[in-house]
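Chemist: I have a structure I would like to understand better, so I am pasting it below and will then ask my questions one at a time.
The values are calculated or read from the model by the stated rules, or taken from the named source; none is laboratory data. The model shown is predicted, which means the values in this text are computed figures rather than measured ones. Please note: Cβ atoms are built from the backbone with ideal geometry, for glycine as well, and neighbour counts cover all protein chains shown.
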Amino acid sequence: MRTIKVLNLVPGMVLGQDILFPQTGATLVSAGTKLTVELIRRIEAFGIKEVMIAQSDKSRQEVKEEELIPVMTEYHNRAINTAEEIISGSSEQPIEEGVVKELVSELLEQVDLDSDLMLNLSHLKSYDNYLFSHCVNVSILSILIGESLGYSSEELNLIGTAALVHDLGMMKVPNKIWKKNDVLTPEELTLIKNHPVYGGEMLKDFPEEVVSIVKEHHERFDGSGYPQGLKGDDIAFKARIIGLADVYDACISNRPYRSKLTPQQALQIIFQDKDKFDPHILKVFISVMAIYPIGSLVQLSTGEIARVVRVNKYQPFRPIMEILFDRNGNKLEPALRIDLDDDKNNMIHIKHNLSPEEHNSILEKLGAAF
Amino acid sequence: MINPFLAASFKVLKSLGNEKTKKGELGLASSPVKGDEVNATVGITGDLLGQVIFCMSQQTASAVASTMLLGLPITTFDELAKSAICEFSNIVTGNAITELGDKGQFCNLTPPTLFVGKDVLLSTKDLGFLVIPLKTGFGDIKIYIALREADK
C-alpha cells in the first residue's frame, strides 16, 4: 500500500483503505474498490487530496493502456506547465526546493505506473516551449537510467530534482541568444557556456549535491565539456547521467538551428561521440532505450509501417510495436499490436528505421491520435 | 536450395553498407564440421527441415554487430553484440525463407541460438552441410546449411 495524490489517480488502481466523507466520517468508497474515471472525479469533488492505494504493480496490470494514455498525457502536460511556472518564476524570486520536489515525486509516480508510456509522450508532441518540456523529459530519462542502476527512491528523487532544474541557468541567458539559429559571437558563447554555473548559483536552498550536478551537467567524460573541462570521475556521477539524457532529448527535439532527429539518429550521434560519456552509464542507457527506442517509426520486413511502443530489454532488436499502415500504405484503425519477440513473429524483422522526413509526415497523418 | 541463402546474405550485407561481398567456392562438408569462434544457428521448419549455421571469428562478429548497433564500437563481445549477431542470422535466414516461399516451399524459422567459443563441433543428424564461404568487408563468414524436405 502507498499514499498517492488524488491528482495522480488512474482508473484501474485499487483502493487500499476506505475513503471517508470529510464532514461526516461515513464511507465514501471502500477499500478494494477498483477506481473508475467517475469515482476519481467524485473523490476529487469532495476535496480529498490523498488516498491509499494497493500495490502499484498489481494495479498496473489492471490498468488498460487506452485508459492510461489520456490520463498520462494530461499529467505530462501538467508537469510541463508546472516546470514552466517554477523555472520562469525563478527570475523573480529564489526557487524553492519543496515545489520542485513535489513535481519530481509526481513524475516518479508516473514513471512507476508506466515508464514506456512516459517515454512515448516525450516525443510524440512538439512543444512550443522547448526549455520546459526538455527539463521534464530529461528528468524522466534520468530517473529511468537511475532505476536501471538500482537507485533508491531518495537517489531517484535527487537525480530527478537535479535534472528538472539542470537548465535553470538558461534563464540568465537572454532569450534571443538561445533561440538564435545563427553562429554565436564569442560573448554569446561564453554566456551559454556559463549557464550551468548560473543555474548552480540560483539554487541556493538546494542540497550541495544537486548544485554540483547542475554545475557539471555539461562536462563530458573525455574532458571536452564546459565550463570547467572536467574529466572522467571528476564529474559527479549523476551529472554524467543527466548529461547523456540531456543530449538525447535535445536531439529528438526541434531546435532553432535544426529540426528534430529520429530516436535512432539520436542514438547514432551519441554512439559516434561515445568517448564523451561514461561507458558504464552508456551501457545502461542502451539497455533502457534499446536499438529501436520508443517512438521509432520503422518499416517491417512485411512492408508494414510500425511504431515502437515498448522495448524488450533482453531483445533490443525485437520490440513491441503498433502497426500503423499496411504494406499498401492504408492506415490501420485501430493500430495492430505486434510483439516481435513472440514466436509466431520469428519471420518478421525490422527492415529499417524511417527517415526524419518520413517520421514527420507520418506523425502529421496520425495528427490528433497523439 | 542454396541460391536463396546466397542472395539473402548478399542483400543483408549490402544493407549493412557492405558492397564488396564475394562468395568463395561453394562446397559440401560432412558432419561434424568445426565451427568458428562465434556460431549462430537458426532452425528451419515447414516444407524443409534443418539448420542454418553462421560461423565467424569474434573479430568479424564484432564488426557485424557494431554495424547492426548503429556504429557502437564493440570492445567486449557482450550480450548486446550477441543479440546483434542473432538478429543478423535471423534476418538472412528470414529473407532466404521468403524467397523459398515464392518458389513454393513454405517454411518458418526458430529463434537463433548462439555458441561462442573455440573448437565447437557442429553435427547434423543425417546429412552433410552445404557450405557458403563469404568474404565480406567485416571478415570471413561461413554459412553451413543442412536442409531436407519434410515427409509429406
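Chemist: Could you give every pair whose Cβ atoms fall below 6 Å, whose first residue belongs to region B:74-95 and is farther than 28 Å from B:ASN3 by Cβ, and whose second residue is of a type in the set (Val, Ile, Thr), counting only separations of at least 6 or pairs across chains?
Modeler: Listed by first residue and then by second, the contacts come to B:ALA81/B:ILE74.
Chemist: In region B:106-113, is there at least one residue being farther than 19 Å from B:LYS20 by Cα, within 14 Å of chain A (Cβ to nearest Cβ) and among the aromatic types (Phe, Trp, Tyr)?
Modeler: Yes: one or more hits.
Chemist: Would you check if A:GLU209 is modelled with pLDDT of 95 or more, in a helix (DSSP H, G or I) and among the charged types (D, E, K, R)?
Modeler: Spelling it out, A:GLU209 is indeed modelled with pLDDT of 95 or more, in a helix (DSSP H, G or I) and among the charged types (D, E, K, R).
Chemist: Of everything in region A:313-334 that's among the polar types (S, T, N, Q) and surrounded by fewer than 17 Cβ atoms within 10 Å (Cβ to Cβ), which residue is nearest to the other protein chains (Cβ to nearest Cβ)?
Modeler: Result: A:ASN328.
Chemist: Suppose we keep only residues that are in contact with a Ser or Thr (Cβ under 9 Å, 6 or more places away or on another chain) and outside any loop (DSSP other than H, G, I, E, B) within region A:1-17. Which one would you say is modelled with the highest pLDDT?
Modeler: Per the stated criteria, the residue is A:LEU15.
Chemist: Which numbered condition in (1) within 13 Å of chain B (Cβ to nearest Cβ); (2) more than 21 Å from the chain's Cα centre (by Cα); (3) polar (S, T, N, Q); (4) assigned to a loop (DSSP other than H, G, I, E, B) is the only one that A:GLN299 fails?
Modeler: All conditions pass for A:GLN299, except number (4).
Chemist: Residues of region A:140-165 being modelled with pLDDT of 95 or more and of a type in the set (Ser, Thr, Tyr), which ones?
Modeler: Listed by number, the residues that qualify are A:SER142, A:THR161.
Chemist: Taking region A:180-204 as the region of interest, how many residues are loosely packed, with under 12 Cβ neighbours inside 10 Å, in contact with a Pro (Cβ under 7 Å, 6 or more places away or on another chain) and not polar (S, T, N, Q)?
Modeler: Summing the residues that are loosely packed, with under 12 Cβ neighbours inside 10 Å, in contact with a Pro (Cβ under 7 Å, 6 or more places away or on another chain) and not polar (S, T, N, Q) in region A:180-204 gives 1.
Chemist: Anything in region A:273-296 that is within 12 Å of another protein chain (Cβ to nearest Cβ) and small (Gly, Ala, Ser)? List them, or say none.
Modeler: A:SER287, A:ALA290, A:SER296
Chemist: Looking at region A:355-370 only, could you name the residues that are of a type in the set (Gly, Ala, Ser) and either touching a Lys or Arg at 6+ places or on another chain (Cβ under 6 Å) or modelled with pLDDT of 80 or more (or both)?
Modeler: A:SER355, A:SER361, listed by residue number.
Chemist: Also: Restricting to region A:225-279, name every residue that is over 21 Å from the mean Cα position of the chain (by Cα) and among the aromatic types (Phe, Trp, Tyr).
Modeler: Scanning region A:225-279 gives A:TYR226, A:TYR257.
Chemist: So which residues in region B:48-64 are touching a residue at least 24 places away in the same chain (Cβ under 8 Å) and in contact with a helix residue (DSSP H, G or I) (Cβ under 8 Å, 6 or more places away or on another chain), if there are any at all?
Modeler: B:LEU48, B:VAL52, B:PHE54, B:MET56, B:ALA61, B:VAL64
Chemist: Exactly one condition in (1) modelled with pLDDT under 95; (2) touching a Leu at 6+ places or on another chain (Cβ under 8 Å) is not met by A:ARG318; state its number.
Modeler: (1)
Chemist: In this structure, is B:LEU70 within 11 Å of chain A (Cβ to nearest Cβ), over 16 Å from B:VAL42 (Cα atoms) and assigned to a helix (DSSP H, G or I)?
Modeler: Answer is no for this residue.
Chemist: Taking region B:82-105 as the region of interest, how many residues are more than 8 Å from every other protein chain (Cβ to nearest Cβ), buried (at least 23 other Cβ atoms within 10 Å of the Cβ) and of a type in the set (Gly, Ala, Ser)?
Modeler: Looking only at that region, the number is 2.
Chemist: Can you find, within region A:339-359, the residue that is farthest from the other protein chains (Cβ to nearest Cβ) among those that are free of Cβ contacts under 8 Å to residues at least 40 places away in the same chain and either under 24 Å from the mean Cα position of the chain (by Cα) or over 15 Å from A:ALA306 (Cβ atoms) (or both)?
Modeler: A:GLU357
Chemist: Taking region B:109-138 only, how many residues are surrounded by 17 or more Cβ atoms within 10 Å (Cβ to Cβ) and either out of contact with any Cys (no Cβ under 9 Å at 6 or more places or on another chain) or not in a strand (DSSP E or B) (or both)?
Modeler: 11
Chemist: Please find, within region A:302-312, the residue that is nearest to the other protein chains (Cβ to nearest Cβ) out of those that are within 18 Å of A:PRO356 (Cβ to Cβ) and of a type in the set (A, V, I, L, M).
Modeler: Once the filter is applied, the top-ranked residue is A:VAL308.
Chemist: Checking the structure you have, find out if any residue of region B:43-63 is within 24 Å of A:GLN264 (Cβ to Cβ), surrounded by fewer than 20 Cβ atoms within 10 Å (Cβ to Cβ) and at the interface with chain A (Cβ under 10 Å from one of its Cβ atoms).
Modeler: no
Chemist: Please go through region A:18-27 and give me each residue that is surrounded by fewer than 15 Cβ atoms within 10 Å (Cβ to Cβ) and assigned to a loop (DSSP other than H, G, I, E, B), ordered by number.
Modeler: Of everything in region A:18-27, those that are surrounded by fewer than 15 Cβ atoms within 10 Å (Cβ to Cβ) and assigned to a loop (DSSP other than H, G, I, E, B) turn out to be A:PHE21, A:PRO22, A:GLN23, A:THR24, A:GLY25, A:ALA26.
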